[in-house]
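Reading through the structure tokens given below for one structure.
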Amino acid sequence: MDNTPQSQESLAEYVKRIRNALGLSQTELANIAGIHIQSLGKIERGLTTKLNTKSHRGERDRLTGSI
């Protein structure tokens, strides 16, 4: 799996693509990343374009296999 963001890929597209490739539900990824399910939903719908430090660290660690 290529977990590198693609050129012109939004944060929403990237998170959703990787989550789906990992076979995780939004609830599963939110729990692993330590963020609220509604926060993850907002990220995937493009309503959140910048992550705070906690969200960024949790998402990054899970999506890159650092957990």
Considering every residue within the range 15-24, establish whether at least one is at negative phi, within 11 Å of the chain's Cα centre (by Cα), in a loop (DSSP other than H, G, I, E, B) and in contact (Cβ under 8 Å) with a residue 40 or more places away in the chain.
no
Under the condition of being farther than 17 Å from Glu9 by Cβ and acidic (Asp, Glu), which residue from the range 22-64 is modelled with the lowest pLDDT?
Asp61
How many residues are in a loop (DSSP other than H, G, I, E, B) and either modelled with pLDDT of 90 or more or open to solvent by less than 70 Å² (accessible area, probe 1.4 Å) (or both) when one looks only at the range 1-14?
4
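The values are calculated or read from the model by the stated rules, or taken from the named source; none is laboratory data. What you are looking at is a predicted structure, and each value in this text was computed from that prediction instead of being measured. FYI the Cβ positions are ideal-geometry reconstructions off the backbone, even for glycines, and counts take in every protein chain you see. Note: accessible area is taken over every heavy atom of the protein model, side chains too, but ligands, DNA and RNA are not part of it. Shrake-Rupley method; radii C 1.70, N 1.55, O 1.52, S 1.80 Å.
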